[in-house]
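Notes for the one structure printed next.
The values are calculated or read from the model by the stated rules, or taken from the named source; none is laboratory data. Given the structure is predicted, the values throughout are model-derived calculations rather than measurements. Backbone-built Cβ (ideal geometry, glycine too); neighbour counts: all protein chains shown. Side chains are part of the model used for accessible areas, which takes the heavy atoms of the whole protein and leaves out ligands, DNA and RNA. Shrake-Rupley method; radii C 1.70, N 1.55, O 1.52, S 1.80 Å.
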Amino acid sequence: MDTKLLFNQLTGVYRPYIKLFQPVFDEFELFPAQWLVLKDIAQNTPTTLVQISKRRAIEKPTTRKILKALSEKSLLTIEQGQDKREKILSLSNEGELLFSQMNTRIEGIQDEIVKDAGISLEQLSETYHTIRLIHEQINKMEES
C-alpha cells in the first residue's frame, strides 16, 4: 500500500470531522480548539499551560489565549504553582459539568460513526495502534 494513501486519509478526515461536530460546539458556545484544551485538562488534571501546549502541539501564546477564554467562562480552577509563573489548572465544577455534557454527546456521535461504518473492535484497536505509532514518530521527528 502506498503510504500517501494513509496520510491522505488521516489529514482528509479532519475538516469533515470538525464540521460534523460544529453544532455541538455551537450549542455549548466553544470553539473546537477550546474543546480540545478543555478535554486535555479533564484528562490530565492537574496540569499546566506548558504541559497542555506540548501535548496538544500548540504554541504557548495560543494556549494562553484559549485558557484565558475558558477562564472567562468560569470553566477553570487556577492555583499558584511552586514557581510564581506556573499556574496549576483543573476544571471548575462548571467546567466538569460542561465537559461531561459535551463529551457524552461527542462520544455518542463517534460511537454511531464506528457502528454505522461496520468497524469491528479488532479493526478499531489496530487503527488506534497505527495512529498512535505515527503520532509518536512525528513527535520524535519534531524533537530532533
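Calculated mean residue ellipticity at 222 nm for the chain: -23500 deg cm²/dmol, from DSSP H runs with n ≥ 4 weighted as -39500 (n - 2.57), summed, divided by the residue count and rounded to 500. Between segment 123-141 and segment 41-86, the alpha-carbon centres lie 25 Å apart. Only one of (1) 80, 32, 32; (2) 52, 40, 24; (3) 51, 29, 28 was calculated from the structure for Cα extents along the principal axes in Å, and its label is (2).
Under a 1.4 angstrom probe, counting protein chains only, how are His129, His135 ranked by accessible area, largest first?
Numbers: His129 75, His135 100 Å².
In descending accessible area the options line up as His135, His129.
For the chain, which whole-number percentage of the solvent-accessible area (1.4 Å probe, protein heavy atoms only) is attributable to carbon and sulfur atoms?
Working: 5790 of 10600 Å².
It is 55 percent, rounded to a whole number.
Which residue fluctuates the most in the chain, going by a Gaussian network model with Cα springs under 10 Å, if the choices are Lys115, Lys73, Lys54? Comparing Lys115, Lys73, Lys54 in a Gaussian network model of the chain, the most mobile one is Lys115. Annotation: lysines with alpha-carbon distance below 16 angstrom to Lys60 (same-chain offsets under eight excluded): Lys68, Lys87.
In what order, largest first, do Thr63, Thr77 sit by accessible area if the probe radius is 1.4 Å?
Details: Thr63 0, Thr77 50 Å².
The ranking, largest first, comes out as Thr77, Thr63.
Taking every protein chain into account, the accessible area of the chain amounts to 74 square angstrom per residue (probe 1.4 Å).
Is the shape of segment 1-56 best called rounded, prolate or oblate, per the rule: a/c under 1.5 gives rounded, else a/b larger than b/c gives prolate, else oblate, with a ≥ b ≥ c the square roots of the Cα gyration tensor eigenvalues?
Values: a/c = 3.68, a/b = 1.38, b/c = 2.66.
Taking the square roots of the gyration eigenvalues as a ≥ b ≥ c, segment 1-56 is oblate.
The label-point distance for Glu112 and Gln80, in a model that sets each label 7 Å from Cα toward Cβ, rounds to 4.8 nm. Partners of Lys4 within straight-line reach, counting lysines whose Cα lies under 21 Å from its Cα and excluding those fewer than 8 residues away in the same chain: Lys140.
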